[in-house]
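What follows is a set of notes on a single structure, which appears directly below.
The values are calculated or read from the model by the stated rules, or taken from the named source; none is laboratory data. All of these numbers come straight from a predicted model, not from anything done at the bench. Positions of Cβ are generated from backbone atoms using ideal geometry, with glycine treated the same way; all protein chains shown enter the neighbour counts.
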Amino acid sequence: MKKRAFGKTGLNVSEIGFGAWALGGQWGGQDDQESIAALHKAIDLGCNFIDTAQLYGDGRSERVIASVLTERSEEVHVATKTPPDPILPWPPSPYCIVDERYSEKYLRKNVEARLKNLGTDCIDVLQLHTWTRAWNSDPQPLQALRKIRDEGKIRFIGISTPEQDQNSVVELMQQGWLDVVQVIYNIFEQEPAAELLPVAQETGTAVIVRVVFDEGVLTGKYNQGHRFPDGDFRSRYFAGDRVDRAVGRVKKIKEEIEDFGNPKGFSLADVALKFVLAHSAVSTVIPGIRNSLQAELNMGVSEKMDMSEELVDRLRQHYWHKGVWYGGK
Ligand SMILES: NC(=O)c1ccc[n+]([C@@H]2O[C@H](COP(=O)([O-])OP(=O)(O)OC[C@H]3O[C@@H](n4cnc5c(N)ncnc54)[C@H](OP(=O)(O)O)[C@@H]3O)[C@@H](O)[C@H]2O)c1
């Protein structure tokens, strides 16, 4: 497993991390034993970075991770997230008052809950789960998190970008508020390459890339007409004709790779991961993993040859900006 610098933090993280949303049970049923086996497998294969959140099963994902880490001797870095309180509207509206969503009192209480679930006395990375640029001129929650960090309960501070306006955090990065940003960047969503990723490089902000498979579709495993069960968040994300439209575009990506010759024998999932890793601003990419096989397949990609600049260039043509899908139809 190759490691990369995690911005200016001094941490070195595995270039492939573990996205632990599905472990919370919101992607259809999830057996904790399967989650535990997947985490062990990923760590066995050199993964030392896991991303989770309170909202992933109301702490269930965090607690499963904690149970595994107590059995391991390796140093594994965990990033978790605090949602606004109340959770809705998501993303925050331009009129939301920051102190009514992320007050210092609430953040302090929430950090204590994260520490308890993770079974630790210091959180490696605490990310605010969403944001609005309306708060940039007076980012009080980041000020509060700095105080909590100085008290020794958090090592590094981050924001997970609001999917509809990822560039809203750029100004905060430039002003030095953030150690870490978490961003959607994949073969479809390439907008961060325009501004956010170059700014991350200039400022030494660590970059966690989420949704590398566009919620699974970029692995090529879904066909036209595929339907996700109720209870799987993707039944909303891929509502109406969205699976069909996405699958049509994935077919074109597949044809592109075949036309190129695919000398390295990449699967579509490999291609999706290598495309993201080809950008040097990326510290770690966190594919969503829910079983040992996915852990093995995804961690194994680090050892494969890097993607040629020529293929990266061809894949850039498959850019498709559609972040507004998160609210469902
Ligand atoms: N706002 C936020 O901060 C936010 C939002 C979204 C995600 N995240 C984080 O980012 C992580 C990754 O995003 P994501 O899980 O939403 O989406 P993703 O990584 O784009 O897709 C994950 C899904 O792809 C499938 N998959 C994984 N590896 C595969 C492989 N090798 N071959 C075939 N299929 C494979 C699995 O689908 P099946 O379920 O069908 O097996 C898996 O659940 C999350 O787990 C979470 O930690 C954060």
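General observations
- In the range 277-307, of all residues being surrounded by fewer than 19 Cβ atoms within 10 Å (Cβ to Cβ) and not in a loop (DSSP other than H, G, I, E, B), the one that is nearest to the ligand (Cβ to nearest atom) corresponds to Leu297.
- Boolean, Gly248 is part of a loop (DSSP other than H, G, I, E, B) and either out of contact with any Phe, Trp or Tyr (no Cβ under 6 Å at 6 or more places or on another chain) or of a type outside the set (A, V, I, L, M) (or both): no
- Note on the range 7-43: residues that are buried (at least 16 other Cβ atoms within 10 Å of the Cβ), part of a loop (DSSP other than H, G, I, E, B) and within 16 Å of the ligand (Cβ to nearest atom) total 7.
- Selection of the range 140-156 for residues being assigned to a loop (DSSP other than H, G, I, E, B) and either in contact with a strand residue (DSSP E or B) (Cβ under 9 Å, 6 or more places away or on another chain) or under 18 Å from Lys8 (Cα atoms) (or both) yields only Lys153.
- A count restricted to the range 178-204 and to residues that are within 16 Å of the ligand (Cβ to nearest atom), among the β-branched types (Val, Ile, Thr) and not in a strand (DSSP E or B) stands at 1.
- So Gly231, is it within 14 Å of the ligand (Cβ to nearest atom), touching a residue at least 40 places away in the same chain (Cβ under 8 Å), surrounded by 15 or more Cβ atoms within 10 Å (Cβ to Cβ) and on the phi > 0 side of the Ramachandran plot: no
- Test: residue in the range 44-57 that is in contact with a Cys (Cβ under 8 Å, 6 or more places away or on another chain) and away from the ligand (no atom under 11 Å from the Cβ): no
- Residue list for the range 128-142, restricted to those being touching a residue at least 12 places away in the same chain (Cβ under 8 Å) and not charged (D, E, K, R): Leu128, His129, Thr130, Trp131, Thr132, Ala134, Trp135, Asn136, Pro139, Gln140, Pro141, Leu142
- Any hit, the range 238-258, residues being in contact with a Gly (Cβ under 9 Å, 6 or more places away or on another chain), among the acidic types (Asp, Glu), more than 14 Å from the ligand (Cβ to nearest atom) and over 30 Å from Asp32 (Cβ atoms): yes
- Taken over the range 262-276, residues that are polar (S, T, N, Q) and either closer than 22 Å to Ala22 by Cα or within 13 Å of the ligand (Cβ to nearest atom) (or both) amount to 1.
- Residue within the range 120-134 that is at pLDDT 95 or above, farther than 19 Å from Gln166 by Cβ and out of contact with any Lys or Arg (no Cβ under 8 Å at 6 or more places or on another chain) present: yes
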